[in-house]
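As C-alpha cells, the structure follows; a few thoughts come after it.
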Amino acid sequence: MAAIVVVGGGAAGMVAAWRAVLKGHHVTLLEANQKLGVKLRISGGGKCNITHDGTVESVAGAFSKEQARFLKPSFHGFSNADVIELLHREGVETYVRENGRVFPLDRPGSAAAVVAAFEGVMRRAGVQVRTGIRVMGLEGRAPRMAALRLEDGKLLKADGFILATGGASYPETGTRGEIVGWLENMGVPTLPWAPALAPIPLKAPHPSWEGVAFRNGTLRLLEGKGGRRIGAFSGDVVFTRNGISGPAALELSRQTESSRRKGLVWLGYDFAGRSEAELDSELRHEQIENPHLSVRNWLQRWVPERVAESLWRTEGLGELRMKDLPKGIRSTLVRWVSAFPLGLPGAVPLERGEVAAGGVARSAVDPHSMRVKNWENLQVCGELLDIDGPVGGYNLQAAFSTGFMAGESAGIPASHD
Ligand SMILES: Cc1cc2nc3c(=O)[nH]c(=O)nc-3n(C[C@H](O)[C@H](O)[C@H](O)COP(=O)(O)OP(=O)(O)OC[C@H]3O[C@@H](n4cnc5c(N)ncnc54)[C@H](O)[C@@H]3O)c2cc1C
C-alpha cells in the first residue's frame, strides 16, 4: 500500500483518486477550490455534455490521429459506456441527442449531479479529500518526485503523485496552468498553452450584428484575403460583440490562432458550398428566369436579413431587380455568398477556450499508465496533457479515461518506459 496524492479535483482527478484507492492505496485528493468539479459544473452551459455515443474507435477518431493513438488504451480501459453505466448506477439518468452527444437528463442542476456521482463513488471508496488548498510547487528530481509545496509553505510527501490540474482556460475555475512551468523546470517535456475551442475576435467586429447566426455553411481560414485556403470547418457561426463564436468558430480557433501567429490570415464564410463560377452562372440564370426578382431578396436566401440589409446600406444600393443587375454588383454578390468577408482575426483568448491545447507532451507519457517517462512515481492525466478534442463530450471523456488509467497504475513501479 502506497501513499498517493492526487492534485486537482476535476473530472480526471476524481476518477484517478477513486481507482487508486480501490487498488488499496492511501489516497489524498487536493483541490484549490472549496468545491470539487467546478469546471464540470459549468460544462455544456451547465448541462454537461458528459461524453459521446458510439464505439471506442469512433470516439477516439474524433481526435487528431496522434491524440487518438495516445488515447485509445485509456478509452478501452474506461469507455463512454463505462462512464454512462457509472452515472446510471449513481442515479443520474442520461440521454443521447441526435448528434451523438450524451447529457444527463435535462433538469436543473444536472451538471452538479454528475459531479456528485463521481465525488460520491470516490468518497465512499475512502479517498481523503482536502479542498481549498492550492499546490504552489513541486519538489523532486528524476526519477523521483519527493513532495508538493502547499500554500501554507508546508511540504506534503507521498510515495506517488498524480497531477490532474487541468488546462489553462477559465482561470476563475481554478485552472491557471502554472504547473506546466514547474514541470518544465524539472525536465518534463511540455508545450506552451494555446487556445482551443474559443471564440474568435475580429479586428473589425460588427457589434450591431451581435446574435446573428450564419447557418449551414463553412467557415474558411485563408492565407490573406482571397488567398489559399488553410483551414475550414462546416457549421454555424454566431456574431458576438467583438467577433464570432458558434461551433465552426470554436473548432477553427486553434488553427486560426496558430496561423495568425505565423502571418496574415483572413476569415470568410461560404454559405453556398459552390465555386464562384457556379454561383455566378446560377445568378445569371436567375436574371433570365426571374427578371423582376428583387436582388436583395435573392441575397436574403443566403445571408441573414440583418446582415443583408446592412450590406445594402453600406454599398448604397437601392431597389434593384435582377434584370437591372450590373456585372460589378453581381460579382460582389457572388463574393458575399461564396466567401463572405469576416476579415482579420484578432488574438484568440486562451482564457475563453473550452479547452487549452498544450501542456505535458504526450510523447513524455506512457499511455498505458499515464506515468511520465523517466519518472518512477509521477503521473499526469486529463487536460494537463497535450490533448484537445472537438466539442461533443470528447474532452470530458478523455479526462475520465486518462484519470482512470492513472489511478489503476498508481503505486506500480514503471515497467516499460
Ligand atoms: C465553459 C466550458 C464548457 C465546457 N463544456 C464541455 C462539455 O460540455 N463537454 C466536454 O467534454 N468538455 C467540456 N469542457 C471541457 C472540460 O470541462 C475539460 O476538458 C475537463 O473538465 C478537464 O478535466 P480535468 O479534470 O483535466 O480538469 P479540470 O476539470 O479543470 O480540473 C482541474 C482541477 O485542478 C485544480 N487545480 C489546478 N491547479 C491546482 C493547484 N495548483 N493546486 C490544487 N488544485 C489545482 C483546479 O481548481 C480544478 O478544479 C468545457 C470547458 C469549459 C471551460
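The figures follow:
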{"item": "Selection count, the range 42-58, where residues are at pLDDT 95 or above and either more than 11 Å from the ligand (Cβ to nearest atom) or surrounded by fewer than 18 Cβ atoms within 10 Å (Cβ to Cβ) (or both)", "result": "6"}
{"item": "The range 223-235 residues that are part of a strand (DSSP E or B), paired with ones that are of a type in the set (Lys, Arg) (beta carbon under 7 Å, 6 or more apart)", "result": "Arg229/Arg220; Ala232/Arg220"}
{"item": "Gly137, sole failed condition from (1) free of Cβ contacts under 8 Å to residues at least 40 places away in the same chain; (2) part of a strand (DSSP E or B)", "result": "(1)"}
{"item": "Helices (runs of 4 or more DSSP H) lying entirely in the range 2-86 (those with 1 or more residues that are touching a Pro at 6+ places or on another chain (Cβ under 8 Å) and touching a residue at least 60 places away in the same chain (Cβ under 8 Å))", "result": "65-77"}
{"item": "Residue list for the range 122-179, filter: away from the ligand (no atom under 13 Å from the Cβ) and basic (Lys, Arg)", "result": "Arg123, Arg124, Arg141, Arg144, Lys154, Lys157"}
{"item": "Residue satisfying all of: in the range 180-206; in a loop (DSSP other than H, G, I, E, B) and away from the ligand (no atom under 13 Å from the Cβ); most open to solvent (accessible area, probe 1.4 Å) among these", "result": "Lys203"}
{"item": "Residue count, the range 240-283 (criterion: outside any helix (DSSP H, G or I) and buried (at least 18 other Cβ atoms within 10 Å of the Cβ))", "result": "13"}
{"item": "Selection within the range 152-179 - touching a residue at least 12 places away in the same chain (Cβ under 8 Å), under 27 Å from Ala194 (Cα atoms) and in a loop (DSSP other than H, G, I, E, B)", "result": "Ala164, Thr165, Gly166, Gly167, Ala168, Ser169, Tyr170, Gly174, Thr175, Gly177"}
{"item": "Number of the exception - Pro367 against (1) surrounded by fewer than 20 Cβ atoms within 10 Å (Cβ to Cβ); (2) part of a helix (DSSP H, G or I)", "result": "(2)"}
{"item": "Single condition His292 does not satisfy, out of (1) open to solvent by less than 10 Å² (accessible area, probe 1.4 Å); (2) assigned to a loop (DSSP other than H, G, I, E, B)", "result": "(1)"}
{"item": "Condition met for Ser79 (open to solvent by less than 60 Å² (accessible area, probe 1.4 Å) and more than 10 Å from the ligand (Cβ to nearest atom))", "result": "yes"}
{"item": "Near pairs, Cβ below 9 angstrom, 6+ apart or cross-chain, from the range 333-346 (part of a loop (DSSP other than H, G, I, E, B)) to any residue that is polar (S, T, N, Q) and at pLDDT 95 or above", "result": "Gly346/Asn242"}
{"item": "Residues of the range 188-237 satisfying the condition of being among the hydroxyl-bearing types (Ser, Thr, Tyr) and closer than 21 Å to Ser258 by Cβ", "result": "Thr190, Thr218, Ser234"}
{"item": "Enumeration of residues in the range 370-415 that are on the phi > 0 side of the Ramachandran plot and assigned to a helix (DSSP H, G or I)", "result": "Gly382"}
{"item": "Given (1) out of contact with any helix residue (DSSP H, G or I) (no Cβ under 9 Å at 6 or more places or on another chain); (2) open to solvent by less than 20 Å² (accessible area, probe 1.4 Å); (3) under 14 Å from Phe161 (Cα atoms), number of the condition Ala361 does not satisfy", "result": "(3)"}
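Table: residues versus (1) open to solvent by 30 Å² or more (accessible area, probe 1.4 Å); (2) under 22 Å from Arg284 (Cα atoms); (3) among the aromatic types (Phe, Trp, Tyr); (4) touching an Asp or Glu at 6+ places or on another chain (Cβ under 7 Å).
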| residue | (1), (2), (3), (4) |
| --- | --- |
| Glu315 | yes, yes, no, no |
| Arg321 | yes, yes, no, no |
| Gly328 | yes, yes, no, no |
| Pro341 | yes, no, no, no |
| Val348 | no, no, no, yes |
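The values are calculated or read from the model by the stated rules, or taken from the named source; none is laboratory data. This is a predicted model, so every value here is computed, not measured. Positions of Cβ are generated from backbone atoms using ideal geometry, with glycine treated the same way; all protein chains shown enter the neighbour counts. Side chains included, ligands, DNA and RNA excluded: accessible areas come from the protein's heavy atoms. Shrake-Rupley method; radii C 1.70, N 1.55, O 1.52, S 1.80 Å.
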